[in-house]
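Report on the structure given below.
The values are calculated or read from the model by the stated rules, or taken from the named source; none is laboratory data. It should be emphasised that the depicted structure is a prediction, and the values quoted were computed from it without experimental measurement. Note: ideal-geometry Cβ built from the backbone for every residue, glycine included; neighbour counts use all protein chains shown. Please note that ligands, DNA and RNA were not included when accessible areas were found on the heavy atoms of the full protein model with its side chains. Shrake-Rupley method; radii C 1.70, N 1.55, O 1.52, S 1.80 Å.
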Amino acid sequence: RSSTEKWFSQPIDDVLTAATRIAQDYYREREATVAGHATRIARAIPAAAVEAGDLAAVRRAIEGEVAEGRVGLVEVYRSRAGAGPPDVVALVAVESPGLPLGRVRAPADDLAALVAGGGTDTWAPEPLDGGGELVRGGAAVRDASGRVVGVVLASDYLSGEAATHARAVIEAYQNRSQLRALRRPISGV
């Protein structure tokens, strides 16, 4: 019993809770930053070029963002509204040469469809095979009438070490919470 009491001591809980808040704040800050970039880029892209599928014009509008290092990856989708959920089709992607490989297309497609339908502008960080994570933010490209004609996704790469530490803190907190549920059976109380 005395050993289990030490496992569940309040100072340990307090430290782990504070560390988890710091990790969550880190992710929220990065998500807000990429969502802001996506919004700014979406306003700067000519809606007519997105709607027409003018790849050269869209690429010209987004290349500077990646070249200047503001984001690691910008993806633009064309959106077509129909009877069901919005249909999004990838048009152009421009990425930093330093961005690691190992991305899966599905999370970006899902976020683009969600943004086109008026949903959230951020997505859970996407782990990469080589380590690190992508944090994505999205914004709708609207024509003069306000109709959604496309979606811009901006992504930022979280280096392997920073992402690993933040993820480890969050996982430790989750594991600790699960362990707390077993406190009574373990201590025999």
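Are there any pairs, at least 6 apart or on different chains, whose C-beta atoms fall under 7 Å, with the first in region 102-131 and surrounded by 19 or more Cβ atoms within 10 Å (Cβ to Cβ) and the second part of a loop (DSSP other than H, G, I, E, B) and small (Gly, Ala, Ser), and if so, which?
128/102
Filter region 29-54 down to residues that are among the polar types (S, T, N, Q) and touching a helix residue (DSSP H, G or I) at 6+ places or on another chain (Cβ under 9 Å), then give me how many there are.
Going residue by residue through region 29-54, those that are among the polar types (S, T, N, Q) are 33, 39.
When the remaining residues are screened for being touching a helix residue (DSSP H, G or I) at 6+ places or on another chain (Cβ under 9 Å), the result is none.
The total comes to 0.
Quick check, is residue 79 hydroxyl-bearing (Ser, Thr, Tyr) and open to solvent by 20 Å² or more (accessible area, probe 1.4 Å)?
Details: hydroxyl-bearing (Ser, Thr, Tyr): yes; open to solvent by 20 Å² or more (accessible area, probe 1.4 Å): no.
Taking the combined requirement at face value, the residue does not satisfy it.
Please return the ranges of helices (runs of 4 or more DSSP H) entirely within region 36-154 where 2 or more residues are charged (D, E, K, R). Full working, then the answer.
On the way: elements: 47-52, 55-67, 105-116.
Here the list reads 55-67, 105-116.
When both residues are 6+ apart or on different chains and their Cβ atoms are under 6 Å apart, which pairs have a first residue that lies in region 54-72 and is closer than 10 Å to residue 94 by Cα and open to solvent by 60 Å² or more (accessible area, probe 1.4 Å), and a second that is of a type in the set (A, V, I, L, M, F, W, C) and not in a loop (DSSP other than H, G, I, E, B)?
Hits for this filter: 59/92; 63/94.
Look through 134, 111 and report the one residue that is among the aliphatic types (A, V, I, L, M), under 11 Å from the mean Cα position of the chain (by Cα) and closer than 17 Å to residue 29 by Cβ. Spell out the reasoning first.
On the way: 111 fails: closer than 17 Å to residue 29 by Cβ.
Going through 134, 111 in turn, just one is among the aliphatic types (A, V, I, L, M), under 11 Å from the mean Cα position of the chain (by Cα) and closer than 17 Å to residue 29 by Cβ: 134.
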